[in-house]
Amino acid sequence: MEYEKLRRKIEMQARELTYFTTDQLNKISEKLTDDDKQKWNNVILR
């Protein structure tokens, strides 16, 4: 029972961190030039 509670807590926090990180990266992306966006995409694809 305790294991399941801990597993769920970790899963929720990991999901929240993913949402937060994605949101922050999107905010940064909006401020980039087209050239920088292309470079950013190349880094992500690696």
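No value in this document is a laboratory result; all are computed from the given coordinates. Note that this is a predicted model, so its numbers are computed, not measured. In this analysis, Cβ positions are derived from the backbone assuming ideal geometry, glycine residues included, and neighbour counts consider all displayed protein chains.
Roughly how tilted is helix 2-30, in degrees to the nearest 10 and between 0 and 90, from the longest Cα axis of the chain?
Tilt relative to the chain: about 10 degrees.
Using alpha carbons only, how many degrees (0 to 90, rounded to 10) separate the axis of helix 34-45 from the longest principal axis of the chain?
40
Please give the net charge around E16, taking every other residue with its beta carbon less than 12 angstrom from that of E16, where Lys and Arg add +1 and Asp and Glu add -1.
Around E16, the charge tally is 0.
Assuming R0 = 30 Å, what is the FRET efficiency of E11 and L32, from their Cβ-Cβ distance, to the nearest 0.05?
Efficiency at R0 = 30 Å is approximately 0.40.
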